[in-house]
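Below you'll find the structure, written out as structure tokens, and then a few comments.
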Amino acid sequence: MRAYEFITESATDGLSMVAHSLPATYIIPDLKNNDFYELYRFGLAIADTRGNGGNDDVQNGFKHEFKAESTWGEHQVVVSWDPNIEQVIDQSLSKVNKRGKKLVSTKTSDEIPNTGTQSTLKPFKGYKR
């Protein structure tokens, strides 16, 4: 095989080879590329920073406040209509040597208690005959 003629191993790092051709390239030592949650939040922070550059992002007086961590943080969230999801989660966690789950909602999809369920419109009874 002639593959060895094409496969070479470089003693230099890739960044030094492309440093001149890449525009404004930065490394961030405090942000590891194996923590996807932190990478996601950093991406959202970039979007928030860009969005705050103008006044077009404010609608109806509402302005979103960016937070470094979401409500659930780095915790995995599972949402399911399956009535047996608790057992599925427990069995799946045991397969990866993990345990514990915390219910943060109702078991069924319910309306928020202050949601109006009666229509404010008068029902149409039809035209006179």
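We did not get these values from a lab; they are worked out from the coordinates using the rules stated. Small disclaimer: the values here were computed from a predicted structure and weren't measured. Cβ coordinates were reconstructed from backbone atoms using ideal geometry, including for glycine residues, and neighbour counts include every protein chain displayed.
Values as computed for the structure displayed
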| item | result |
| --- | --- |
| Tensor-based shape of the stretch 22-129 (alpha-carbon gyration tensor, a/c under 1.5 rounded, otherwise prolate or oblate) | oblate |
| The stretch 37-48 - phi-based ³J(HN,Hα) in whole Hz, Karplus 6.51/-1.76/1.60, Gly and Pro as x | 5, 5, 5, 4, 5, 5, x, 5, 5, 5, 4, 5 |
| Calculated FRET value between Ala24 and Phe66, using beta carbons and R₀ = 22 Å, to 0.05 | 0.45 |
| Restraint check, Lys63/Lys98; Lys63/Lys107; Lys63/Lys101; Lys67/Lys95; Lys32/Lys98; Lys32/Lys67, Cα-Cα greater than 30 Å | Lys63/Lys98; Lys63/Lys107; Lys63/Lys101; Lys67/Lys95 |
| Inter-label distance for Trp81 and Lys125, nm, one decimal - labels placed 7 Å from Cα along Cα-to-Cβ | 3.8 nm |
| Full-stretch length increase - Val96, Thr49 - with 0.36 nm per residue and alpha-carbon distance subtracted | 13.1 nm |
